[in-house]
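Written below as structure tokens is the structure these notes are about.
The values are calculated or read from the model by the stated rules, or taken from the named source; none is laboratory data. Since we're looking at a predicted model, the values are computed, not measured. Using ideal geometry, Cβ is built from the backbone for each residue, glycine included, and neighbour counts are taken over all protein chains shown. For the accessible areas, the whole protein counts, side chains as well, though only heavy atoms, and no ligand, DNA or RNA atoms are used. Shrake-Rupley method; radii C 1.70, N 1.55, O 1.52, S 1.80 Å.
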Amino acid sequence: MDNNQFLQAAAKRRSIYALGNRLNVDDEQIIATVKEAVHQAPSAFNSQPIRVAILLNDAHQKFWNQTKDILHQVMTHKEKFPQTAAKIDTFAAGHGTVLFFRDEETVQNAKEQFKSYADNFDDWTEEAVGIAVYSVWTALASLQIGASIQHYNPLVDEWVHQEFNIPKHFVLRGEMPFGSIESPAGAKEFLTDDKVFKVIN
């Protein structure tokens with residue numbers, strides 16, 4: 001197991017919340033890495049329902065500033081907002097954000113093409129989203145880039161579609177802020193194997 005490069009990369013993938021903007025790789029490499037990770041992520045019948053927007057520079061800052069504004073508008077207990085704002089600021093402090101979408105047109109086309117499995121495609125698409133998120137997250141970790149996955153959708157959906165000209169049939173499923181690792185994640189605890197695994201011969 002020690003020589004398994006995939007498992008080594010998987011062990012590096014952690015939720016990093018203390019992000020910075022001091023990366024040792026350029027944007028072109030980041031973009032290429034995200035693209036390849038999504039390309040290689042599987043989906044049911046190779047339907048490829050995942051769509052991605054990579055926000056850098058002003059777009060990254062604008063997204064988190066707007067997210068903070070929207071959260072302030074909808075919060076009923078305004079006295080708790082400073083804590084929320086501080087959390088959002090840790091994401092904005094990073095280098096960029098990856099937005100993950102599911103393309104509903106692709107999902108509907110798959111349902112029509114494979115009618116016997118139509119009832120399964122919503123679940124399968126969510127699995128594809130999860131795999132794509134994990135693939136990108138792990139690939140970024142391999143570049144020593146920290147990230148986490150956030151879910152401020154659907155609160156930010158309408159603004160995202162308008163601001164970044166995203167087609168309406170792309171449904172936002174998660175937001176991944178990334179950047180330099182300013183503080184590592186703590187130790188990760190695992191359930192004991194007997195609670196998780198069963199080997200059946």
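Quick notes on this one:
- Among residues of region 114-135 that are farther than 9 Å from Ala41 by Cβ and free of Cβ contacts under 8 Å to residues at least 60 places away in the same chain, those with a beta-carbon under 9 Å from a residue that is open to solvent by 70 Å² or more (accessible area, probe 1.4 Å) and in a helix (DSSP H, G or I) at least six positions away or on a different chain give the pairs Ala118/Glu112.
- A single entry from Ala147, Ala141, Ala128, Ala132 fulfils the requirement of being more than 9 Å from the chain's Cα centre (by Cα), modelled with pLDDT of 95 or more and within 21 Å of His95 (Cα to Cα): Ala141.
- Just one residue in the set Val107, Val133 is buried (at least 20 other Cβ atoms within 10 Å of the Cβ), β-branched (Val, Ile, Thr), out of contact with any Lys or Arg (no Cβ under 7 Å at 6 or more places or on another chain) and under 20 Å from Val34 (Cα atoms); that residue is Val133.
- Checking Gly174 against (1) within 21 Å of Asp58 (Cα to Cα); (2) assigned to a helix (DSSP H, G or I); (3) within 13 Å of the chain's Cα centre (by Cα), the condition it does not meet: (2)
- Residue check: Gln73 meets all listed conditions (1) under 19 Å from the mean Cα position of the chain (by Cα); (2) over 16 Å from Ile149 (Cβ atoms); (3) assigned to a helix (DSSP H, G or I) but one, namely (1).
- Residue within region 81-96 that is modelled with pLDDT of 95 or more, crowded, with 16+ Cβ neighbours inside 10 Å and within 15 Å of Ala37 (Cβ to Cβ) present: yes
- His60 of a type outside the set (A, V, I, L, M), in a helix (DSSP H, G or I) and more than 15 Å from Val156 (Cα to Cα): no
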